[in-house]
Amino acid sequence: MAEVLVLVDHVEGEVRKSTFELLTAARALGEPSAVVVGAPGTAQGLSSALAANGAEKIYVAETDRTDFLSPQVDVLAALVESASPVAVLINASADGKEIAGRLAVRTDSAWLNDVVAVSANGRVGATHSVFGGAYIAQAEAKTEHPVVTVRAGAIDVEAVAGAGTEERVEVPAAAGRGATVQSTEPITGGDRPELTEASVVVSGGRGVGSADDFSIIEGLADSLGAAVGASRAAVDSGFYPHQFQVGQTGKTVSPQLYIALGISGAIQHRAGMQTSKTIIAVNKDAEAPIFEIADFGVVGDLFQVAPQLKEEIAKR
Ligand code: FAD
């Protein structure tokens, strides 16, 4: 069976959940091969989790190179040439999209972006959720080995063990044309899960009213082990930092559970969260559009509802 390359997204010695989703998606197209690119010694701690989640082969490309994202592009381009995979799957994060765009140009391949499902029917097919989830679009790659960036949270992980056979890969020397990264500092919400990876997201909108009162959103999020998100109105009002904005011009999330408090549900906000599996909305306006897409709705004041919710959760 033909190979499907999956670029492994890892941080601090752990494989991100989105990679397991890619390994699951890859099985619809062929045999998943994980590609680990990182500093020497990186793969050691990742291999067992990759094998347990379906990697038949694990390409290990370890390097001291620090030129931003270029090692990933170089390694994948070399593997596309040598392994001739059915497709290359990459997480649709900001970095993933940059790698994908560069790789597609380098390998003269199609790029299917922000995909929520993949299929094989002679060619590689992709499903996109567009216009805030109002339409489902089907696309098909017309080139060999297309690059496919998959939306985090869109695929349910099915852990089927793979052989996990390791193969060392030469990392090409830096071409010297790119920038060099001096240092990187991940911006996270402290101990909270990364927004696009979290299985639960609690978001606040303009209805929260102030930066100080966002502690209510954070408190509820912490009781659920959730990430915190915000609407653009909340961000623009200075209630919460921009990197937590959900929506068309923010991050796209697709968690198991999305709780929206004091968010009206504008189309641009929905664009970033409409594919969440279960949506709960708390809004004091019964006519707020967020209720159109909510699975459960509470018409009420978030300052009363959120603390009660937190208290109930603490009892369990
Ligand atoms: P509002 O629309 O003001 O809604 C606040 C809600 O809180 C109301 O429904 C109100 O009833 C409720 N409320 C108030 N007090 C309480 C209370 N005490 N308890 C319970 N409920 C209460 N928006 C995004 O979110 N993300 C984006 O990425 C984004 N991109 C955009 C891109 C473009 C090009 C444009 C034009 C707009 C974009 N927007 C985006 C903005 C979007 O159109 C909305 O303006 C924004 O989502 C509104 O945020 P909100 O729901 O928090 O605020």
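The values are calculated or read from the model by the stated rules, or taken from the named source; none is laboratory data. Computed from a predicted structure; not experimentally measured. Cβ coordinates were reconstructed from backbone atoms using ideal geometry, including for glycine residues, and neighbour counts include every protein chain displayed.
Table for the structure above
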item: Test: residue in the stretch 248-257 that is near the ligand (Cβ under 6 Å from one of its atoms) and buried (at least 18 other Cβ atoms within 10 Å of the Cβ); result: yes
item: The stretch 1-52, subset surrounded by fewer than 18 Cβ atoms within 10 Å (Cβ to Cβ) and acidic (Asp, Glu), residue modelled with the lowest pLDDT; result: 12
item: Residue that is among the charged types (D, E, K, R), in a loop (DSSP other than H, G, I, E, B) and more than 22 Å from residue 157 (Cα to Cα), where the choices are 65, 102, 106; result: 65
item: Single residue of 223, 215, 276, 203 found to be assigned to a loop (DSSP other than H, G, I, E, B) and farther than 30 Å from residue 73 by Cβ; result: 276
item: Test: residue 265 is on the phi > 0 side of the Ramachandran plot and without any contact (Cβ under 8 Å) to a residue 40 or more places away in the chain; result: yes
item: Residues located in the stretch 90-99, provided they are surrounded by 15 or more Cβ atoms within 10 Å (Cβ to Cβ) and either of a type in the set (Gly, Ala, Ser) or not in a helix (DSSP H, G or I) (or both); result: 90, 91, 92, 93, 96
item: Output for the stretch 263-285, where each listed residue is under 27 Å from residue 128 (Cβ atoms), crowded, with 21+ Cβ neighbours inside 10 Å, near the ligand (Cβ under 7 Å from one of its atoms) and modelled with pLDDT of 95 or more; result: 263, 265, 269
item: Residues that are more than 10 Å from the ligand (Cβ to nearest atom), touching a helix residue (DSSP H, G or I) at 6+ places or on another chain (Cβ under 9 Å) and under 22 Å from residue 16 (Cβ atoms), drawn from the stretch 199-241; result: 199, 200, 201, 202, 222, 224, 226, 227, 228, 241
item: Check on residue 288, within 12 Å of the ligand (Cβ to nearest atom) and not in a loop (DSSP other than H, G, I, E, B); result: no
item: Filtered residues of the stretch 200-215 (kept if more than 13 Å from residue 226 (Cβ to Cβ) and either over 27 Å from the mean Cα position of the chain (by Cα) or buried (at least 16 other Cβ atoms within 10 Å of the Cβ) (or both)); result: 205, 206, 207, 208, 209, 210, 212, 213, 214
item: Residue within the stretch 76-85 that is in contact with a Ser or Thr (Cβ under 6 Å, 6 or more places away or on another chain) and closer than 27 Å to residue 243 by Cα present; result: no
item: Neighbours by Cβ (under 8 Å, 6+ apart or cross-chain): first from the stretch 122-137, modelled with pLDDT of 90 or more; second of a type in the set (D, E, K, R); result: 123/140; 123/142; 124/140; 125/140; 126/140; 128/114
item: Hits in the stretch 69-82 - residues which are modelled with pLDDT of 95 or more and surrounded by fewer than 20 Cβ atoms within 10 Å (Cβ to Cβ); result: 77, 78, 81, 82
item: The stretch 14-61, residues that are of a type in the set (Lys, Arg) and within 19 Å of residue 163 (Cβ to Cβ); result: 27, 57
